[in-house]
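Chemist: Next up is a structure, given as structure tokens.
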Amino acid sequence: MSGHRVERVRAFFESLSPESLPRIDEIYARDAYFKDPFNEVRGVAAIRRIFSHMFEQVDAPRFVVREAVAAGDSAFLTWDFRFRARRLGSAEQVIHGASHLRFAADGRVCHHRDYWDAAEELYEKIPLLGGLMRLLKRRAAS
């Protein structure tokens with residue numbers, strides 16, 4: 001049973017588009033919790049706003065799920081988030097991350113926590129800030 005829920009979530013994220021956002025309540029429970037490095041919200045409407053904002057901020061965003069592991073009412077996905085950042089030029093950017101999901105009794109996601117390193121995956125790619133971040137990283141490693 002858990003494999004079916006995970007495949008449904010995977011298919012939703014890999015085909016996520018502005019047109020599919022109205023169906024997000026088929027994936028998330030009404031009072032679902034969502035947290036990533038920039039957001040912490042509760043409720044399907046707030047989660048929908050996060051993904052809607054993503055489509056406003058970047059060009060050609062898409063998720064590619066690399067691996068999915070399910071056990072009981074939980075799942076763990078590793079993924080690549082590919083996009084073109086308007087402020088960073090036209091080259092495709094990639095953020096590598098992972099999501100921990102928990103499912104409610106009805107099969108919808110009730111808890112979604114994303115894990116990814118904002119410093120390495122995002123800040124280091126910004127021209128001036130990136131140089132500073134790499135310098136700090138080198139100093140911390142010595």
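Chemist: Which net charge results for the neighbourhood of Val109, defined as the other residues with beta-carbon distances under 14 angstrom from its beta-carbon, given Lys and Arg at +1 and Asp and Glu at -1? Spell out each step's value before the answer.
Modeler: Values: positive: Arg5, Arg8, Arg10, Arg23, Arg30, Lys35, Arg42, Arg48, Arg102, Arg108, Arg113; negative: Glu7, Asp25, Glu26, Asp31, Asp36, Asp73, Asp106, Asp114.
Summing Lys and Arg as +1 and Asp and Glu as -1 gives +3.
Chemist: What nm value, rounded to one decimal, do you get for the distance between Gln93 and Ala11 when each label is placed 7 Å out toward the C-beta?
Modeler: About 3.1 nm, to one decimal.
Chemist: Okay, moving on. What is the extension gain from His100 to Arg42, computed as 0.36 nm multiplied by their sequence separation minus the C-alpha to C-alpha distance, in nm to one decimal?
Modeler: Numbers: separation 58, 0.36 × 58 = 20.88 nm, distance 1.56 nm.
Taking 0.36 nm per residue and subtracting the Cα distance, the gain is 19.3 nm.
Chemist: May I pose another question? At a Förster distance of 25 Å, what's the computed FRET efficiency of Thr78 paired with Asp31, Cβ-Cβ distance as r, to 0.05?
Modeler: Values: r = 26 Å, r/R0 = 1.06.
The value I calculate is 0.40.
Chemist: Further, regarding this structure: Above 17 angstrom, tally the Cα pairs of region 2-117 and express them as a % of all pairs, no decimals. Please report the intermediate quantities before stating the final value.
Modeler: Details: 3627 of 6670 pairs.
For region 2-117, the share of Cα pairs beyond 17 Å comes to 54 percent.
Chemist: How large is the charge dipole for region 37-99, taken about the Cα centre, if only the Cβ atoms of Lys, Arg (+1) and Asp, Glu (-1) carry charge, to the nearest 20 debye? Don't skip to the end; give the middle numbers.
Modeler: Numbers: 9 positive and 7 negative charges, 50 e Å.
Computed charge dipole of region 37-99: roughly 240 debye.
Chemist: What net charge is computed for the residues neighbouring Phe12, neighbours being all others with C-beta under 13 Å from the C-beta of Phe12, Lys and Arg scored +1, Asp and Glu -1? Mind dumping the intermediate values first?
Modeler: Numbers: positive: Arg5, Arg8, Arg10, Arg23, Arg48, Arg62, Arg108; negative: Glu7, Glu14, Glu19, Asp25, Glu26.
Taking every Cβ under 13 Å from that of Phe12, the sum is +2.
Chemist: Could you check what % of the DSSP bridge pairs in region 2-117 are antiparallel, to the nearest 5? It would help to have the intermediate numbers written out before the result.
Modeler: Working: 31 of 35 bridges.
Bridges in region 2-117 that DSSP calls antiparallel: roughly 90 percent.
Chemist: What order, most packed first, do the peptides 8-14, 98-104, 53-59 have when packing is the mean number of other Cβ atoms within 10 Å of each residue? Can you show the working numbers first?
Modeler: Details: 8-14: 16.6, 98-104: 18.1, 53-59: 12.7.
Highest mean packing first, the order is 98-104, 8-14, 53-59.
Quick note: the coordinates plus some simple rules give every number you see, no bench work behind them. What you see is a predicted model; the values in this text were computed from it and never measured. When we count neighbours, we look across all protein chains shown, and the Cβ atoms used for this are built from the backbone with ideal geometry, even at glycine.
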